[in-house]
Amino acid sequence: MELFSAAWNIAVRYWPLFWYGIKITLLISLTGTVIGLGVGLLVGCVRAVTVEPRDALWVKILKRVVRLVTSIYIEVFRGTPMIVQAVFLYYLLKPVFNWTTTVAGIFIISVNTGAYMAEIIRAGIQSVDRGQSEAARSIGMTAMQTMFVVVLPQAVKNSFPAIGNEFVVNIKDSSVLNAISVTDLYFQSMSVAGSIYQYTNTMVVTAVCYLVLTLTTTRILYFIERRMGRPKSSYPASQTVPRAGNVM
């Protein structure tokens, strides 16, 4: 009980510092996830494009080159630790952008998340029944219209649990940005612990803060997911929007 009593006293006394760290953590993780989703949508759509036999030679070459570049991007950022990416990119690009640690943290989370989101979106696109694309093309839709109007919305819906999970992961993994002195929750916690020499008690407060953030986020995402799964009541039964997997 002494452990939790001491942790409570630390939380009450240093709450402004913890609260500032929580706000920075949410800012970086949320912004980075949203930007990463945009990057993932772009890269995932590119990777979902196949080389067709009827394509012109230059189109085939372009598709293969773009696919190679995106593959390298995904493999590099999925295959190396984020803490290494953070230190490398921060010091490499600081002379160019002269950015703050917070901006650098958002950039690093974004490019790292984009690599994971790209594979999530690609899998989501592949989960959409091919008959839906064929039906859209049969009524005169272009390939781009088919992708953005028919396929992509269903792919995002199918992939929403994995997309939400990336946000939860980013809340926790943003702690590695301590390596470049981002003043997030973990950085603030280490500052408090170092000033009072009570690391164990301070980490109890930190763990509870992270747990509350992730549990709250998970519940909100679960609520959104359930709402997305409900059919729109404004549609007559015979005109309900088809789910992925059903041929139009």
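Here are the numbers:
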{"quantity": "Residue match in the stretch 30-46 (condition: among the β-branched types (Val, Ile, Thr), under 30 Å from Arg78 (Cβ atoms) and touching a Cys at 6+ places or on another chain (Cβ under 8 Å))", "calculated": "no"}
{"quantity": "Helices (runs of 4 or more DSSP H) fully within the stretch 30-130 counting 1 or more residues that are touching a strand residue (DSSP E or B) at 6+ places or on another chain (Cβ under 6 Å)", "calculated": "none"}
{"quantity": "Residues of the stretch 59-90 classified as in contact (Cβ under 8 Å) with a residue 24 or more places away in the chain and basic (Lys, Arg), total", "calculated": "1"}
{"quantity": "Condition broken by Met141, with the remaining ones in (1) assigned to a helix (DSSP H, G or I); (2) free of Cβ contacts under 8 Å to residues at least 12 places away in the same chain; (3) more than 12 Å from the chain's Cα centre (by Cα) satisfied", "calculated": "(1)"}
{"quantity": "Condition met for Ser174 (closer than 22 Å to Val39 by Cβ and either small (Gly, Ala, Ser) or modelled with pLDDT of 95 or more (or both))", "calculated": "yes"}
{"quantity": "Meets criteria (aliphatic (A, V, I, L, M), modelled with pLDDT of 90 or more and more than 23 Å from Ser159 (Cα to Cα)) for Ala6", "calculated": "no"}
{"quantity": "Only listed residue being assigned to a helix (DSSP H, G or I), under 19 Å from Pro81 (Cβ atoms) and at pLDDT 90 or above, chosen from Ala179, Ala162", "calculated": "Ala179"}
{"quantity": "Count - residues of the stretch 62-79 that are surrounded by 13 or more Cβ atoms within 10 Å (Cβ to Cβ) and either more than 16 Å from the chain's Cα centre (by Cα) or of a type in the set (Ser, Thr, Tyr) (or both)", "calculated": "7"}
{"quantity": "Any hit, the stretch 160-168, residues being farther than 30 Å from Phe187 by Cα and either surrounded by 15 or more Cβ atoms within 10 Å (Cβ to Cβ) or free of Cβ contacts under 8 Å to residues at least 60 places away in the same chain (or both)", "calculated": "yes"}
{"quantity": "When residues of the stretch 146-156 are limited to those that are buried (at least 18 other Cβ atoms within 10 Å of the Cβ) and not hydrophobic (A, V, I, L, M, F, W, C), the one nearest to Pro81 (Cα to Cα)", "calculated": "Gln154"}
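The values are calculated or read from the model by the stated rules, or taken from the named source; none is laboratory data. Treat the numbers as computed from the prediction; the structure is a model and nothing was measured. Backbone-built Cβ (ideal geometry, glycine too); neighbour counts: all protein chains shown.
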